[in-house]
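Peer 1: One structure, as structure tokens, below. Some questions next.
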Amino acid sequence: MNWDVDPQALPGCSIEGIRVVELRGRDEAELQRFFAQAPDYFLAVNGEPATPNEAREELQGQLPPGWRCRRMYWLGYRDGQGQLVAVVNIAADLLALGVWHIGLLLVDSRLHGTGLAQRLHVDLEAWAVTQGAEWLRLTVVLGNAKAERFWPKLGYVTVRTREGIRMGRQVNRVAIQVKALAGGQVDDYLRRVARDRADAQ
Ligand SMILES: CC(C)(COP(=O)(O)OP(=O)(O)OC[C@H]1O[C@@H](n2cnc3c(N)ncnc32)[C@H](O)[C@@H]1OP(=O)(O)O)[C@@H](O)C(=O)NCCC(=O)NCCS
């Protein structure tokens, strides 16, 4: 499929003046600059600012060994001047069919508290449903206060907390959170994704 011309291939954006593009290797320097403008996030999750190769490594889209997904997207949300105002990393059918994993949703800090993040998520969710998503999944680093407040407001629930997760210079405690998009029950989810059960090894 040619992802550039299929209008369903990328989410829409209901915020006036913002368009969604897929970020690729050529956007590395711009993504790196965007990361550099968000030191608070990287300090909260990695204990250090974005590393010099952060954007390159992210755009390569490597998953942990043994993991696979159907399709990974790096989405860029551009304003009328073409500047990035937000980026999203989302993987389709990770761990199980119908489970879409949000690896990152990062909004320009100047736009925090404006509702942009929530509207962006509404559009993302609607698009994911059209593409077969039944669940959204993500990992929240405990201590990332904005994220801890944000996701539950949107209907995410914690299915498992894990300790001792090394990220950058830090060892984190994380919450794995999910949101049902097609009326599913958490028990159904945990039957599909055994590794997210509270008692999984
Ligand atoms: C997580 C993140 C996307 C959330 O964005 P945000 O702008 O802080 O979140 P919101 O859109 O909910 O806005 C925050 C506040 O603005 C308020 N607000 C102001 N105007 C608003 C409007 N027009 N519509 C909706 N909410 C509005 C909200 O009510 C909210 O207040 P509350 O926290 O007291 O409930 C953002 O903080 C971010 O990019 N963080 C860094 C990256 C990160 O941690 N990502 C998550 C891990 S993957």
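The values are calculated or read from the model by the stated rules, or taken from the named source; none is laboratory data. A quick note: this is a predicted structure, and the numbers were derived from the prediction, not measured. We place every Cβ from the backbone using ideal geometry, glycine too, and count neighbours over all the protein chains shown. Only protein heavy atoms, including side chains, enter the accessible area calculation; ligands, DNA and RNA are left aside. Shrake-Rupley method; radii C 1.70, N 1.55, O 1.52, S 1.80 Å.
Peer 1: Could you give each residue of the stretch 138-152 its phi-based ³J(HN,Hα) in whole Hz, using Karplus coefficients 6.51, -1.76, 1.60 with θ = phi - 60°, and x for Gly or Pro?
Peer 2: Per residue, the Karplus-derived 3J(HN,Hα) values read 7, 10, 9, 7, 5, x, 7, 4, 5, 5, 4, 7, 5, 5, x Hz.
Peer 1: Residue by residue through the stretch 10-25, what is 3J(HN,Hα) from phi via Karplus (6.51 cos²θ - 1.76 cosθ + 1.60, θ = phi - 60°)? Round to whole Hz and write x for glycine and proline.
Peer 2: Using θ = phi - 60°, the values come out as 10, x, x, 9, 7, 8, 4, x, 10, 10, 9, 10, 8, 7, 10, x Hz.
Peer 1: Next question. Spelling out what I want: for every residue of the stretch 96-104, take phi, set θ = phi - 60°, compute 6.51 cos²θ - 1.76 cosθ + 1.60 (Karplus), and round to whole Hz; glycine and proline get x.
Peer 2: 7, 4, x, 9, 10, 9, 8, x, 7
Peer 1: Moving on. Considering only Pro64, Pro39, Pro49, give the residue with the highest GNM mean-square fluctuation for the chain, with springs between Cα atoms whenever their separation is below 10 Å.
Peer 2: Pro64
Peer 1: Under 10 Å, Cα contacts only: if you run a Gaussian network model on the chain, which one of Asp188, Asp27, Asp108 comes out with the highest mean-square fluctuation?
Peer 2: Asp188
Peer 1: Give me the percent relative contact order of the chain, please, defined on Cα pairs under 8 angstrom at least 6 residues apart.
Peer 2: Working: 319 pairs, mean separation 37.0, N = 201.
Relative contact order comes out at 18 percent.
Peer 1: Over the stretch 7-136, average the accessible area per residue using a 1.4 Å probe and give it in Å², no decimals.
Peer 2: 48
Peer 1: Which percent of the accessible heavy-atom area of the chain goes to carbon and sulfur, probe 1.4 angstrom?
Peer 2: Roughly 48 percent, rounded to a whole number.
Peer 1: Further, regarding this structure: Compute the distance in nm between two label points, each set 7 Å from the Cα along the Cα-to-Cβ direction, one at Leu63 and one at Arg192.
Peer 2: With each label point 7 Å from Cα toward Cβ, the separation is 1.4 nm.
Peer 1: For n ≥ 4 DSSP H runs only, could you compute -39500 (n - 2.57) per run for the chain, divide by its residues and tell me the 222 nm figure to the nearest 500?
Peer 2: Calculated at 222 nm, the ellipticity per residue is -8000 deg cm²/dmol.
Peer 1: With springs only between Cα atoms under 10 Å, which of Gly66, Gly25, Gly17 fluctuates most in a Gaussian network model of the chain?
Peer 2: Gly66
Peer 1: Using the Kirkwood formula on the Cα atoms of the stretch 7-136, what hydrodynamic radius do you get, in angstrom to one decimal?
Peer 2: Numbers: mean 1/r = 0.0655 Å⁻¹.
After inverting the mean inverse Cα-Cα distance, the result is 15.3 Å.
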